[in-house]
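Peer 1: What follows is a structure written as structure tokens; I'll ask about it next.
The values are calculated or read from the model by the stated rules, or taken from the named source; none is laboratory data. Because the structure is a prediction, the values reported are computed rather than measured. Ideal geometry is used to build each Cβ from the backbone, glycine not excepted, and the neighbour counts take in all protein chains shown. The accessibility values were calculated without ligands, DNA or RNA, using every heavy atom of the protein model including side chains. Shrake-Rupley method; radii C 1.70, N 1.55, O 1.52, S 1.80 Å.
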Amino acid sequence: MKAMVWYGGEKFIKENLRDPVPQDHQVVVKVDTVGVCGTDVHITQGLFPKSPPMILGHEGSGVIIDVGKNVDKSRIGSRVVMNTTTYCNQCFSCKNWSISRCEKAESTSGMFAEYVVCASQSAVNIPDKLDLEQASLTEPASCCLSGAEMLNVSNAKVGVVVGGGIMGLFTLAFLKNLGVEKMIMSEPVKIRREISKQFGADILHDPKDSELNDFIKDNNNGWGADISVEAVGKPNLVAKCIDVLRPRGQVLMIGVSPQGSHLPVDLYEMHYKEITIKGAFGRGDVFDRTPKEISKLKLDNVISKIYSLDKTHDAINDSSKGKGIKLVIKP
Ligand SMILES: [Zn+2]
Ligand SMILES: [Zn+2]
């Protein structure tokens, strides 16, 4: 099979590798679409520890073409998304943290390739009405769904999302679906701001036009937001998210702040206003039901550009420059 192998830094080489053979419990998936993730960008920039050579790509969809001998043959032909890890439901982390933190997890092979081999458990069927391209959005969406469901949204009138990238957009949509009455998207780039409407944004805020704190109060009878989401990964924006809340408000950290960074906030304010702040990393327990959840959303124009496997390097480069909403590769 053809695969794009990462050799460290920005070096990728397309190679011909042996076609994968499934073990008894595994399936082989012919890859249709793989999203380029901020994590892939961070890996090539040395900001995320990974040892080359390896095949990157973890947001993939495709069709099962072969199964191991313990897997029902009827799975061949199934349209699936691939979870990156398995879970056992037995270990401490599965029981007390989330199944995506399983201590015995078996990893799915890298997806910037023609074929992927993974446990049958990790190949999750998708609804008929979800096409394979849009299904490749499952992994990032699952991280947002898991995060959104950590918050208590009962009686939440106003939520604000800071950052209209793919993570901010999905988190906004899920919070709205969970019952937040009015969602504000704060984002400086116009196309991202505009597309947030199809994810359910009620009010758009351009940080170049006005101060977010004042803007929210103008839209909420003088009070701060019930919920704020930081979807960029900058400590000063997490601080901003705390600042814009009403008393007993909740912050969700979806963006990945750099390792070693600190939160520049007045702790007295946080204490006095009884603020809750929640970290949210990864798929939690929700990956398997995410395809159904995203099939209910309007996902037109979310995929901004499709690259061939040969252009993997360009796709990662363009993604690092923040081009488009979501860039994907079709191996
Ligand atoms: Zn990802
Ligand atoms: Zn486990």
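Peer 1: So residue 285 clears everything in (1) part of a loop (DSSP other than H, G, I, E, B); (2) of a type outside the set (A, V, I, L, M, F, W, C); (3) open to solvent by less than 40 Å² (accessible area, probe 1.4 Å) except one condition, right? Which one?
Peer 2: So residue 285 meets the others, but not (3).
Peer 1: Give, as residue ranges, the strands (runs of 3 or more DSSP E) completely inside segment 79-191 that count at least 3 residues that are of a type in the set (A, V, I, L, M, F, W, C) and on the phi < 0 side of the Ramachandran plot. Before the answer, list the steps.
Peer 2: On the way: elements: 79-82, 115-119, 123-125, 158-162, 182-186.
So the answer is 79-82, 115-119, 158-162, 182-186.
Peer 1: For segment 64-78, give me each residue that is surrounded by 16 or more Cβ atoms within 10 Å (Cβ to Cβ) and either within 10 Å of ligand 2 (Cβ to nearest atom) or part of a loop (DSSP other than H, G, I, E, B) (or both).
Peer 2: Selection gives 68, 71, 78.
Peer 1: What are the residue pairs meeting all of these: first residue in segment 117-144, first residue open to solvent by less than 20 Å² (accessible area, probe 1.4 Å), second residue within 16 Å of ligand 1 (Cβ to nearest atom) and of a type in the set (Lys, Arg), Cβ atoms under 7 Å, and 6 or more apart or on different chains?
Peer 2: Note: pairs meeting the criteria are 137/326; 142/283; 143/283.
Peer 1: Of (1) assigned to a helix (DSSP H, G or I); (2) farther than 21 Å from residue 174 by Cβ; (3) of a type in the set (A, V, I, L, M), residue 265 satisfies all except one. Which?
Peer 2: The number of the failed condition is (1).
Peer 1: Residue pairs, Cβ under 7 Å, 6 or more apart or interchain, first in segment 264-275 and within 16 Å of residue 226 (Cα to Cα), second open to solvent by less than 100 Å² (accessible area, probe 1.4 Å). List them.
Peer 2: Final answer for the pair search is 270/242; 273/245; 273/247; 274/247; 275/242; 275/245; 275/249; 275/251.
Peer 1: Among the residues of segment 43-102, which ones are within 18 Å of residue 116 (Cβ to Cβ) and among the acidic types (Asp, Glu)?
Peer 2: Those that are within 18 Å of residue 116 (Cβ to Cβ) and among the acidic types (Asp, Glu): 59, 66.
Peer 1: Here's a follow-up. Of everything in segment 25-37, what is within 25 Å of the chain's Cα centre (by Cα) and open to solvent by 40 Å² or more (accessible area, probe 1.4 Å)? Give them in sequence order.
Peer 2: If the condition is that a residue be within 25 Å of the chain's Cα centre (by Cα) and open to solvent by 40 Å² or more (accessible area, probe 1.4 Å), then 30, 32 are the ones that fit.
Peer 1: Out of segment 117-143, which residues are more than 9 Å from residue 83 (Cβ to Cβ) and away from ligand 1 (no atom under 15 Å from the Cβ)?
Peer 2: Result: 117, 120, 125, 126, 127, 128, 129, 130, 131, 132, 133, 134.
Peer 1: Also, quick follow-up: When segment 266-282 is examined, which residues are found to be more than 25 Å from residue 319 (Cα to Cα) and either out of contact with any Pro (no Cβ under 9 Å at 6 or more places or on another chain) or exposed (fewer than 14 other Cβ atoms within 10 Å of the Cβ) (or both)?
Peer 2: If the condition is that a residue be more than 25 Å from residue 319 (Cα to Cα) and either out of contact with any Pro (no Cβ under 9 Å at 6 or more places or on another chain) or exposed (fewer than 14 other Cβ atoms within 10 Å of the Cβ) (or both), then 266, 267, 268, 269, 270, 271, 272, 274, 276, 277, 278 are the ones that fit.
Peer 1: How many residues are in contact (Cβ under 8 Å) with a residue 40 or more places away in the chain, among the aliphatic types (A, V, I, L, M) and in a helix (DSSP H, G or I) if we restrict to segment 38-53?
Peer 2: Matching residues across segment 38-53 total 1.
Peer 1: Inside segment 93-116, can you point out the residues that are open to solvent by less than 30 Å² (accessible area, probe 1.4 Å) and more than 8 Å from ligand 2 (Cβ to nearest atom)?
Peer 2: Matches in segment 93-116: 98, 100, 108, 110, 111, 112, 113, 116.
Peer 1: Out of (1) at pLDDT 95 or above; (2) surrounded by fewer than 21 Cβ atoms within 10 Å (Cβ to Cβ); (3) out of contact with any Pro (no Cβ under 7 Å at 6 or more places or on another chain), the odd one out for residue 22 is which?
Peer 2: (2)
Peer 1: Still on this structure, please answer the following. Mind listing just one residue for me: the one in segment 250-262 that is surrounded by 15 or more Cβ atoms within 10 Å (Cβ to Cβ) and either at pLDDT below 95 or touching a Gly at 6+ places or on another chain (Cβ under 6 Å) (or both) and, of those, farthest from residue 147 (Cα to Cα)?
Peer 2: By that ranking, first place goes to 257.
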